[in-house]
Amino acid sequence: MNPSHPTWIEIDLSAVAHNCARIGQDTSTPLMAIVKGDAYGHGAVEVGRAAVAGGASWLGVARCCEARALREAGIQAPILVLGMVTPEEVDEAISQRLTLTLHDPETLALFSARARAAHRTLGVHLKVETGLGRVGVFPEEVPAFARKATAGGSLVLDGMYSHLAVADEDHPLNELQAKRFRTVVQAMETEGMRPRWVHLANSAAAYWLPETRYDLVRVGNVVLGMRISIDRPLPEAYRPVLSWKARLGSCRVLPEGWGVGYGQTYVTERDELIGVIPVGYGDGLRRIPGNQVLIGGERCPVVGRSCLDQSMVRLPRPFPVGEEVVVVGSQGGEAIWFHDLAALYKTTQVDISTHLHSRVPHIYKHG
């Protein structure tokens, strides 16, 4: 227990490094650890540093500002910016040795002009549109586009990638996308333009579609010990990274017929022992019926509507004020993980972890 906070999040960085090393072993492929969205709410700098220590060859982010934070923290590993950038950010990418995503004639013109003006080269990974319908160059246009991109000498085509739309499902689009990408890779090899880093596999594909691994696997969830699919466990070797804990703030008996919380949606059926924890929807606990927490190694239901800052819990027996409560994590023989919450909330694990509020202190541990 951490005595200085009413609620806190613990991040096990040794688990990050361990998981990254294990990904390399299981896929036999270099790893690009995806740390966008502040490493899905876990802390991009700390997780990025641990991922590199665990053997990650690359880090992947969505925006230039995320890459900037990594560089300012002294992380020198190759970083791919997967999303769009402004003209000013291109200049920053050049100076910070970032790699940008090249995906259409407009980005080609922008990147080339900025690199020429800086009298420097800029590393790029060409994005291929194989079926996600987001951004990218169509497969049949890639060789000609690549020739144009490298003709001026200001851009270095260091990589080429695409993104699978339904890799976590048994879906015919997976094979179609893989075939389209394979055709592009073969065409680039024939032209003598195959980049050093060719990558297609996201987390699901890295494990379930091994033919998509190529030169890198892009993995986010598994780096953090979260399941690829909420109904499919990871191998036991992987370790969860995040635990969310709190201290019991109150424990008292409410008499039969006593309403609990805003709207009085819960009324005691008998004398009931009700605890209060300093965790609410302002911290990231969704205001959805069915939440549970762990106290004394037992699952205890959250009752009534969670408040912004507090929630009420029905307790099986008295506990002292200050008793450790687990919102996400394990205690005794019980556990509540992000995949459990994702099933309850009918959303993704990352949707939950990225919405944990910054007011909940993050405590980084090694082991």
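Brief remarks follow.
- Where helices (runs of 4 or more DSSP H) fall wholly inside segment 51-151, the ranges with 3 or more residues that are more than 24 Å from Arg194 (Cα to Cα) and either touching a helix residue (DSSP H, G or I) at 6+ places or on another chain (Cβ under 7 Å) or of a type in the set (A, V, I, L, M, F, W, C) (or both) are 64-72, 87-96, 105-118.
- Subset of segment 31-56 [surrounded by fewer than 18 Cβ atoms within 10 Å (Cβ to Cβ) and either within 19 Å of Gly159 (Cβ to Cβ) or in contact with a Leu (Cβ under 8 Å, 6 or more places away or on another chain) (or both)]: Gly55
- Looking only at segment 11-27, residues that are touching a residue at least 12 places away in the same chain (Cβ under 8 Å), open to solvent by 10 Å² or more (accessible area, probe 1.4 Å) and not charged (D, E, K, R) come to 6 in all.
- Checked against the criterion of being among the polar types (S, T, N, Q), assigned to a strand (DSSP E or B) and either surrounded by 16 or more Cβ atoms within 10 Å (Cβ to Cβ) or within 17 Å of the chain's Cα centre (by Cα) (or both), segment 240-249 contains one or more residues that satisfy it.
- Selection from segment 338-350 of residues that are open to solvent by 40 Å² or more (accessible area, probe 1.4 Å) and touching a helix residue (DSSP H, G or I) at 6+ places or on another chain (Cβ under 8 Å): Thr348
- Selected residue [in contact (Cβ under 8 Å) with a residue 24 or more places away in the chain, more than 22 Å from Val81 (Cβ to Cβ), open to solvent by 10 Å² or more (accessible area, probe 1.4 Å) and among the hydroxyl-bearing types (Ser, Thr, Tyr)] from Thr150, Thr183: Thr183
The values are calculated or read from the model by the stated rules, or taken from the named source; none is laboratory data. Just so it is clear, the model here is predicted, and its values are computed rather than measured. Ideal geometry is used to build each Cβ from the backbone, glycine not excepted, and the neighbour counts take in all protein chains shown. When the accessible area is computed, the model is the full protein with side chains, heavy atoms only, and any ligands, DNA or RNA have been set aside. Shrake-Rupley method; radii C 1.70, N 1.55, O 1.52, S 1.80 Å.
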